[in-house]
Amino acid sequence: MNRGAGRLARVARLVAGIAFVVGGVILMVLPGPGLPLLIAGLLLLGNEFSWARRIRARLLAVLRRGRRRLARVRGDAEVTRPSEARSAKRAAHSTDEARVNTDERNESNGGRSDATGRRLD
């Protein structure tokens, strides 16, 4: 990449980053996706400025703490990542299905087996 193209890319990142940050701040007051735009703008500006990286890191840390607090208030399990939440829901669902299947099996054989399906006769 020649010097002119690199300079143009840098200016484009700066302009886009500033536009996203300003748009994000405006949309924090108006209805719209303010936080994602703000984070995207800080991500673009973070390529050039360390202050933008620090603000983005603080903002993401605050959002993570808020998500954990909300999970505690709602009574959900402590969740650190969305993928872990999906895994926990899948595990709980499969456990519930197994419990229902065991209960149905116990009813069909007159209740002569324990929770693992072993016969008690």
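The values are calculated or read from the model by the stated rules, or taken from the named source; none is laboratory data. Small disclaimer: the values here were computed from a predicted structure and weren't measured. All Cβ positions, glycine included, derive from the backbone under ideal geometry; neighbour counts span all protein chains shown.
Of everything listed in (1) in a loop (DSSP other than H, G, I, E, B); (2) modelled with pLDDT of 85 or more; (3) surrounded by 12 or more Cβ atoms within 10 Å (Cβ to Cβ), the single unmet condition for Leu43 is (1). Filtered by the rule that a residue be within 19 Å of Ile39 (Cα to Cα) and at pLDDT 85 or above, the stretch 59-83 gives Leu59, Leu60, Ala61, Val62, Leu63, Arg64, Arg65, Gly66, Arg67. Give the residues of the stretch 6-64 that are basic (Lys, Arg) and more than 21 Å from the chain's Cα centre (by Cα), sorted by residue number. Matches in the stretch 6-64: Arg7, Arg10, Arg13. On the stretch given as the stretch 49-75, residues that are in a loop (DSSP other than H, G, I, E, B) and surrounded by 13 or more Cβ atoms within 10 Å (Cβ to Cβ) total 1.
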